[in-house]
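This report concerns only the one structure given below.
Throughout, read-outs are computed from the coordinates displayed, never taken from laboratory work. Predicted model only: the values in this text are computed from it and were never measured. Here the Cβ positions follow ideal geometry from the backbone for every residue, glycine too, while neighbour counts run over all protein chains shown.
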Amino acid sequence: MSNRRDPQALGCDVRVLALCSSSVAGLPPQDRLFNFTRPQRIPERPGLDESVVRKYIEAGRIAERVKERAEREARPGAKLLSLVATLENYIVELGGRPAFPVNVSIDYEAAHRTAYIDDESVLPEDGVVKVDVGVHVDGYIADTAITVSFSEKHQKLVDSAREALEAALRHVKPGVRVSEVGSVIEKVIRGRGFKVVKNLSGHSLAEYMIHAGDTIPNYRDPLNFSRFRPGTAYAIEPFATTGRGVVGSERRVGIYSIKPSPNREGVPEEHILLNIFERVKTLPFSERWFPEIAASLGVERFRRVLESLSRRGYLIPYPVLSDVPGSYVAQFEETVLILDDGSVIVTTDRKVL
């Protein structure tokens, strides 16, 4: 799931609801509670023990199978709601949990589109469809994405993003500056005649955290001095576009996450925040995952509540991010895990780079 590089941006059935409710079951009791006063901190990185590595790899194994199914299921005329529900349920069937709602962004949309609870949208003819899948096992996340083109006329764009990811993965090593990988991505995509999306980037991952602090640019950013570190997971995700190479936030928001901050006690919607936190902790979620709240309040009122909580700073919104209408955007993504000994694993295929 992409990292928007500016401060403004930063559907489940019964099976998925069941898994969401158990996603924090293994946490210590104090961490199962919705703490209104303790701010969230990026965790220390003492190293990766064997059990953590296994969980990352298992999440990647599941994500790869879901990604393969996405390629089969994504077809012109397919209903968006059916597609995301099928993929999220498949994550559950394979033993994982959704790390965020499946994103299905179409044509000039680059990221963060998912189906609403009553969505009637279908995938268009000649579409360029990006499917972004997140799987976690006990909070350890595999974040991966593919692009499916329904027309040969967009295949070069799709290939440029795929080739950029393949080249980038070959350069991920401990001590390498992340901007060097960004330079590799930009060189491949520009060499194919397209632009990178400069304000979308890859990111580090941590336990129950999609964006854990580090940014992996898709171009050479001279002001980004970060280097790849052992004991850390990273999502590498090139975006190629025929448009401007800069995305903006649309008004559409179908994904939110809990924003840990103080002074929430007494908030009128506290019971809703608690309900959400108990199921997904601080991971992103969709209204689809809470049909009982939608049924109780009504869909439109539930949406207004989410929007209000977002405006007041209790939720983080993830608006749909788009390039200019009429353009096309392609994306590919993989999660890499740098072990303590410096070796690099692509979690979806367990290949050591």
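Rg/Rh for region 58-117 stands at 0.95; both radii use Cα atoms, and Rh follows the Kirkwood definition.
So for region 87-197, what percent of the C-alpha to C-alpha distances run longer than 25 Å? Roughly 35 percent, rounded to a whole number. Geometric descriptor of the chain, per residue, is 124 Å³ (volume of the convex hull of the Cα atoms). Under 24 Å from the Cα of LYS259, which lysines turn up, not counting those fewer than eight places away in the same chain? Reachable lysines: LYS281. Of the chymotrypsin sites (Phe, Trp or Tyr not before Pro) in region 197-257, which ones lie in a loop per DSSP and count no more than 12 other C-beta atoms within 10 Å? Filter output for region 197-257: PHE225. Computed extension length for GLU265-ARG170: 29.4 nm, one decimal, from 0.36 nm per residue of separation with the Cα-Cα distance subtracted. Over region 205-343, the Kirkwood radius and the radius of gyration, each from Cα atoms, give a ratio Rg/Rh of 1.03. Once the Cβ-Cβ distance of ARG304 and SER343 is raised to the sixth power relative to R0 = 51 Å, the FRET efficiency obtained is 0.55.
Label-to-label distance, ALA295 versus GLU125, with points set 7 angstrom from Cα along the beta-carbon direction: 3.9 nm. Note on region 74-198: Lys pairs 8 or more places apart or on different chains, Cα atoms under 25 Å apart, count 17.
Eigen-decomposition of the gyration tensor built on the alpha-carbon atoms of region 174-220 gives equivalent ellipsoid semi-axes of 23, 12, 7 angstrom, largest listed first. Percent of Cα pairs in region 128-176 per distance bin of 10 Å, from zero to the largest separation: 21, 37, 32, 10, 0. Only helical runs count toward this figure. For the chain, summing -39,500 (n - 2.57) over DSSP H runs of n ≥ 4 and dividing by all residues gives -10000 deg cm²/dmol at 222 nm. Between region 73-106 and region 226-244, how many Å separate their Cα centres? Taking the Cα centre of region 226-244 as reference, the centre of region 73-106 is 23 Å away.
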